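The block underneath contains the structure these notes are about, expressed in structure tokens.
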Amino acid sequence: MEIQKRKEPSTLMTFLSPVMAIVLTLIFGSILFLALDKSPLQALHVLLIQPLSDAYNISEMLVKMGPLLLCAVGLSLCYRANLWNIGAEGQLLAGALGGSAMALALIEFDSPLALVATLVAGILSGMVWAAIPTFLRLRFNSNLILTTIMFNYIALYLLVWAVHGPLRDPDGFGFPESALFSDATTLPVLADFGRVHLGVLFAFLAAIGAWIVLSKTHLGFQIRVLGADEPAARYAGFNSRRISWFVMLVAGGLAGLAGVAEVAGPIGQLTPVVSPGYGYSAIIVAYLGRLHPMGAIIAAIFLAVLYMGGDLAQIEMGIPIAVVGMFQGTLLFFLLACDFLINHRITFTKSSFKG
Amino acid sequence: MSATNTTTDNTPRLALANITKQYPGCLANDHISLSLEPGEIHALLGENGAGKSTLVKTIYGIVAPDKGTIFWNGRPVEIRSPAHARDLGIGMVFQHFSLFETLTVKQNIELCLTPAQLHEIGDLAKRIRELSDHYQLNVDPERYVHSLSIGERQRVEIMRCLVQSVSLLILDEPTSVLTPQEVEGLFRIMRTLSAEGCSILFISHKLNEVTEVCHHATILRGGKVIDTCVPSEETPNSIAKMMVGDLAEQDAGYRKAQGTKPVLVSKGLSLSAKQPFGTSLKNINFELKAGEILGIAGVAGNGQDELMAAISGEDGRPLANVLFLDGTEIGRANAGKRRRLGLTYVPEERLGRGAVPEMSLTENMLLTNHKPFVKHGWVNWQQAKSYTQGLIERFRVKCHGDHSEARSLSGGNLQKFIVGREIEQEPKVLMCSHPTWGVDVGAALAIHQALLELRDQGAAILLISEDIDELFLLADRMGALCDGHLSPIVATESTSIEQIGEWMAGTFIDIEAANP
Amino acid sequence: MDIELLTQILFAAIKTGTPLLLVALGEVICEKSGILNLGQEGMMLMGAVVGFMAVVATGSLGMGILGAVLIGSLMSLLFGFLVIHIGANQVATGLALTIFGTGLSAFIGSGVVGQTIQGFKQLPIPYLVDIPVIGPALFNHDILVYSAVLACFILAWIVNKTRIGLTLKAVGENPHAANAIGIKVLRVRYLAVMFGGAMAGLGGAYMSLVYTPMWVENITAGRGWIALALVVFASWRIGNIALGAYLFGMASILHLVLQGLGWSISPNLLAMLPYVATVVVMVIISADHFKEKLLAPRSLGKPFDPRQMA
């Protein structure tokens, strides 16, 4: 076997690599199911086919896809600019918290403006949560990865505190939950057969918008240059601080929107568990989608199917829900390994088999 | 070991027979043969890309040849690794040094020795001091490498070889980073070593040095041995013909120009180093005039990068009242603003700064020349594409088209593209860092002519280069940088290589201090 | 504050700081070779669950430690293969390792949630333990606490005084130069990465075998990330890491202190403290950009491909 560096990266492999990674992950998963004495075929059917088997399941899948896609679009922009924002989860939680506070404050206020105010509050909260690490990075040069991670934990505890404290439903028998939001601050459902809400539509619009920005505007071009080659961006005189602020605030805003859309959508109130780790999974969505907003749509659908399938597999086959997280990690590993083939070519020669 | 080391009269220290190395798309070494006697200083000559580096890497065990045999003291050997090469007695001083800046001189040398060698030497620091005295290397074992000058670091590299008692020393373009005075010191060391029986393989493209110090020379072109000669019987000109072939166009002397009004003025520019081990700029004063080329000489690492970054705005720190572009104070403007005011720049690193490696030529054109193609934030890609196609044609950039990635171009072609891109923005001031470094003769000539044409159209050009010959060829006025100080600026016609050489070594600094 | 409480606080700070210390010691060696492994959290969790399961299965704490160390190095080997051999992005691969470890540990550990084991016994050091106040606080710990302290001294000696340390620093500063003088860069990096993995596994095992001792999902609660911050905080110096780890240990138990003092603050707000402290420390440390650049291993995070030498 011989490994050669390609002169130019292979476009074919760029798109084939995620497919190969998925196939390898499924093979790995099948082996694991065999080891657990579960039928791999049945497990894969429940995990991947059943979520798409009827309109209700598809609509549930789309409900899970919404927050994944919103977060992943923002992360794609950040990663394109080489900013390692791992904080989508915290920004999502901050959005849920800020949005809930607004929705509960406006619980008596019966007007379409109440919903707008709730969404804006969520978006702004997500932005604030992204702005702090961005400021610390630009002003004090602190490591963005670590600060955004820390802010995820801080957001989580802040949310848990709020739901046990100031935002707890006074009539809720002491359960750590807020009151149910009023209809005016709940996202309208788009179809009558499920829970697909306005937030899902926002996610698609965000992906399309990000794609246009990246490919058609000078700002998008600057983002790509900054990420690909920072000295070149500095040399060209791009304002890297402005670019950093832009992508981080957009990412924070989108994640915040994802958070508020969860509480004002399918959940309908603030609870301690708003997200099953959408913000972390979005990292994988962004990568699997090749940091391209359109790719993120396909990748988000795949991961949403996996989330749905995980629920179903737990109910129907008694497979622990943690299988979802494990599949996601495995997927990212295989993806990184397959990406080697984008810049390298492996050829099998006769001599290599001799020894 | 000792039996084979005692060389008889006619056993060469090193002999290469038909060394061949094929890289994808490039035959780097094509049946190269040569031999070195004990104590011989042998020059390996050739243009960039002639195959010199690959050949020495083969001898030092970094590259394995596809074909051919290496004879060491008459016996065929297969040199498996640098460690094996050093075991045999082959030492190498790299063009880009392989020292560790965060370690001391002694620790650096220690890393290259096997435990057995260390045991044999005993007190390493003492041994370093002895050798340092013997060869006048002036190396202190306890100092940290980051505190040493380039010349001192080179002597540490040589010391690293001497400690291991090498019998063949390979020097890869050792003089390109030295001042003329330091070069003399290096030659003295080389002659001492040669007299003691150590063979030296000396790689250079500076022909006057070769005629001065080398006993024999082998000339490579396109991976092949083109000719051999005894340098003392040749002139630099006759060797140059062998190196580049008879057809090569040579730069003729160019007409010098007189600048008009000052467009880029620096008044007492001082700036502390931003990077660890960087150079601080100390009270830099100059006036760059429209219609002239101002050349700045200096050994790498004496503040060139810092000066360029300060003027271009890449440094990012505001400077009050020291920099003026056409009368406007620019010290507080960011790099983008300075570009809009008419300052363009050809940086030293082509890939990774002057151009984004994995982006197309169209995108790389847009990198600095976006004004005509961006309306209200939207990029007109169609227009950018057709302009880029024209740029490629006008500057004869060899590539597959405007969609080619920057990294797929050869150094010379990419440089022509970058120079063209910066020139066509019709700048008031063009800054140029090492514009022809690593570029083939044809492209260098094209770049020289493009710069002179721009000058004659009335632009001001600031040219930084380590190549003194190029500066004398192009610059109308000259100065030198040393340790962040800028020498006085003089007309090229009224100075000499010796004076600039002294300034590169910093002789002007004391005078300046005496008369502040 | 009464003396009894002071002793308890010191005791708890050391116990809480120990897993951080173990993980950070591994990571600093890894980073000195030029590899940034963000997978500490994942490796810790795997170490915690495998260690715990091994003890449940065999009843032997030694087997638990062995299992944790093995799984940690195995996972880091996977990471090492991707970043050292294939040249994958270190940040992305480290994240993948964390996501993978989080998922896999929850998956395989779902069967042992709620089970209890007998953790490590305390080993009071004779005579020293009788010193008032600090005796019971410092010299009445389990074997892992003492081992962590011992590891600090041994590692500091190896890094600063031996040829191994010199080689490690050389590889981390300039892998190309190291390769040119014949150092086996890839081998050094693999070993450093695997050492980091083993220590992370051990740190995780400390959580499940000593600190709690039990297994729940996400038992490490971000300690792997805090350990990463600790390495930056310590400016890549072993001695500072020990100091930092115990200080962070102190910050993590501050809520116990405040509760002990009779302050009533929501435990959820107090639980934020270690993370807030990490951010504050990071800001203070990194503000001096110049210094950080000087101290960080020069090639940290950059891939090295010996095939590109020619």
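The values are calculated or read from the model by the stated rules, or taken from the named source; none is laboratory data. Bear in mind the structure is a predicted one, so any value in this text is a computation, not a measurement. Because the Cβ atoms are built from the backbone with ideal geometry, glycine has one as well, and the counts that use them run over all protein chains shown.
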Is there any pair with a first residue in region C:165-192 that is in contact (Cβ under 8 Å) with a residue 12 or more places away in the chain and a second that is of a type in the set (Lys, Arg) and surrounded by fewer than 20 Cβ atoms within 10 Å (Cβ to Cβ) whose Cβ atoms are under 6 Å apart and which are 6 or more apart or on different chains, and what are they? C:Glu173/C:Arg298
Determine, yes or no, whether C:Thr212 is of a type in the set (Val, Ile, Thr), surrounded by 19 or more Cβ atoms within 10 Å (Cβ to Cβ), under 27 Å from C:Met46 (Cβ atoms) and more than 14 Å from chain B (Cβ to nearest Cβ). no
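Give me the residue from region B:289-343 that is among the acidic types (Asp, Glu) and within 30 Å of B:Ala505 (Cα to Cα) and, out of that set, nearest to the other protein chains (Cβ to nearest Cβ).
Filtering region B:289-343 for residues among the acidic types (Asp, Glu) gives B:292, B:305-306, B:314-315, B:326, B:329.
Adding the requirement that they be within 30 Å of B:Ala505 (Cα to Cα) leaves B:292, B:305-306, B:314-315.
Details: B:Glu292: 24, B:Asp305: 11, B:Glu306: 14, B:Glu314: 5, B:Asp315: 9 Å.
Checking each candidate, the answer is B:Glu314.
Where in region B:427-516 are there helices (runs of 4 or more DSSP H), lying wholly inside it, with at least 2 residues that are closer than 22 Å to B:Val263 by Cβ? Before you say what the answer is, go through the steps one by one.
Values: elements: B:441-456, B:468-474, B:497-504, B:507-514.
Here the list reads B:441-456, B:468-474.
Kindly provide the set of residues from region B:272-311 that are in a helix (DSSP H, G or I) and either aliphatic (A, V, I, L, M) or more than 22 Å from the chain's Cα centre (by Cα) (or both), ordered by number.
We begin by selecting, within region B:272-311, every residue in a helix (DSSP H, G or I); these are B:304-311.
Those that are in a helix (DSSP H, G or I) and either aliphatic (A, V, I, L, M) or more than 22 Å from the chain's Cα centre (by Cα) (or both): B:Leu307, B:Met308, B:Ala309, B:Ala310, B:Ile311.
Report, by residue number, each residue of region A:49-85 that is of a type in the set (Ser, Thr, Tyr) and touching a Pro at 6+ places or on another chain (Cβ under 9 Å). It would help to see each step written out before you state the result.
Start the filter on region A:49-85 by keeping residues that are of a type in the set (Ser, Thr, Tyr), which leaves A:53, A:56, A:59, A:76, A:79.
A:Ser76, the sole residue that qualifies.
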Among the residues in region B:347-366, are any within 11 Å of another protein chain (Cβ to nearest Cβ), farther than 25 Å from A:Lys216 by Cα, surrounded by 15 or more Cβ atoms within 10 Å (Cβ to Cβ) and of a type in the set (Asp, Glu)? yes
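Tell me the residue from A:Arg234, A:Arg224 that is out of contact with any Pro (no Cβ under 7 Å at 6 or more places or on another chain) and at pLDDT below 95, please. Lay out the reasoning, then the answer.
Values: A:Arg224 fails: at pLDDT below 95.
After applying the criteria, what remains is A:Arg234.
Report, by residue number, each residue of region B:104-124 that is more than 9 Å from every other protein chain (Cβ to nearest Cβ), in a helix (DSSP H, G or I) and under 17 Å from B:Ser147 (Cβ atoms).
Let us first name the residues in region B:104-124 that are more than 9 Å from every other protein chain (Cβ to nearest Cβ), namely B:104-106, B:109, B:113-114, B:116-117, B:119-124.
Retained after the next criterion (residues that are in a helix (DSSP H, G or I)): B:105-106, B:109, B:116-117, B:119-121, B:124.
Passing the criteria: B:Val105, B:Lys106, B:Ile109.
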Within the set of pairs 6+ apart or on separate chains, which have a first residue in region A:197-224 that is within 14 Å of chain B (Cβ to nearest Cβ) and farther than 17 Å from A:Val285 by Cα, a second that is of a type in the set (Asp, Glu) and assigned to a helix (DSSP H, G or I), and C-beta atoms under 9 Å apart? A:Phe221/B:Glu363; A:Arg224/B:Glu363
Please work out which residue is surrounded by the fewest Cβ atoms within 10 Å (Cβ to Cβ), limiting yourself to region A:231-268 and to residues that are within 9 Å of another protein chain (Cβ to nearest Cβ) and not small (Gly, Ala, Ser). A:Pro231
Subset of region B:61-79 [surrounded by fewer than 19 Cβ atoms within 10 Å (Cβ to Cβ) and at the interface with chain C (Cβ under 10 Å from one of its Cβ atoms)]: B:Ala64
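Given C:Leu261, C:Leu273, which one is within 14 Å of another protein chain (Cβ to nearest Cβ), surrounded by fewer than 20 Cβ atoms within 10 Å (Cβ to Cβ) and within 26 Å of C:Ile9 (Cβ to Cβ)? Quick ask: steps written out before the conclusion?
Details: C:Leu261 fails: within 14 Å of another protein chain (Cβ to nearest Cβ).
Every option except C:Leu273 fails the conditions.
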Filtering region C:220-268 down to residues that are touching a residue at least 40 places away in the same chain (Cβ under 8 Å), in a loop (DSSP other than H, G, I, E, B) and among the polar types (S, T, N, Q) yields C:Thr220, C:Ser235
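Which ones in region A:134-185 are part of a loop (DSSP other than H, G, I, E, B), among the hydroxyl-bearing types (Ser, Thr, Tyr) and either more than 14 Å from chain C (Cβ to nearest Cβ) or touching a residue at least 40 places away in the same chain (Cβ under 8 Å) (or both)? Give the derivation first.
Looking only at region A:134-185, we keep the residues that are part of a loop (DSSP other than H, G, I, E, B), and these are A:141-143, A:165-182.
Next cut, among the hydroxyl-bearing types (Ser, Thr, Tyr) only: A:142, A:178, A:182.
Passing the criteria: A:Ser178, A:Ser182.
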With assigned to a helix (DSSP H, G or I), of a type in the set (Asp, Glu) and within 14 Å of chain C (Cβ to nearest Cβ) as the only criterion, which of B:Glu101, B:Glu157 stands out? B:Glu157
List the helices (runs of 4 or more DSSP H) that sit entirely inside region A:1-112 and contain at least 2 residues that are of a type in the set (Gly, Ala, Ser) and in contact with a Phe, Trp or Tyr (Cβ under 7 Å, 6 or more places away or on another chain). A:11-35, A:55-80, A:88-105
Would you mind listing the helices (runs of 4 or more DSSP H) fully within region C:110-208 where at least 1 residues are out of contact with any strand residue (DSSP E or B) (no Cβ under 8 Å at 6 or more places or on another chain) and away from chain B (no Cβ under 14 Å)? C:134-138, C:143-161, C:185-205
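Residues C:Ala106, C:Ala156, C:Ala137, C:Ala151: which one is modelled with pLDDT under 85, surrounded by 15 or more Cβ atoms within 10 Å (Cβ to Cβ) and either closer than 20 Å to C:Val50 by Cα or out of contact with any Asp or Glu (no Cβ under 9 Å at 6 or more places or on another chain) (or both)? Break it down into steps so the answer makes sense when it comes.
Details: C:Ala106 fails: modelled with pLDDT under 85; C:Ala156 fails: modelled with pLDDT under 85; C:Ala151 fails: modelled with pLDDT under 85.
Only one candidate qualifies: C:Ala137.
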Looking at region B:316-330 only, could you name the residues that are assigned to a loop (DSSP other than H, G, I, E, B) and either modelled with pLDDT of 90 or more or at positive phi (or both)? B:Gly316, B:Asn321, B:Val322, B:Asp326, B:Gly327, B:Ile330
Of the criteria (1) polar (S, T, N, Q); (2) surrounded by fewer than 17 Cβ atoms within 10 Å (Cβ to Cβ); (3) touching a residue at least 60 places away in the same chain (Cβ under 8 Å), which one A:Ser30 fails: (3)
Given the conditions (1) under 18 Å from the mean Cα position of the chain (by Cα); (2) in a helix (DSSP H, G or I); (3) facing another protein chain (nearest Cβ under 8 Å), and given that C:Leu74 satisfies all but one, which numbered condition is not satisfied? (3)
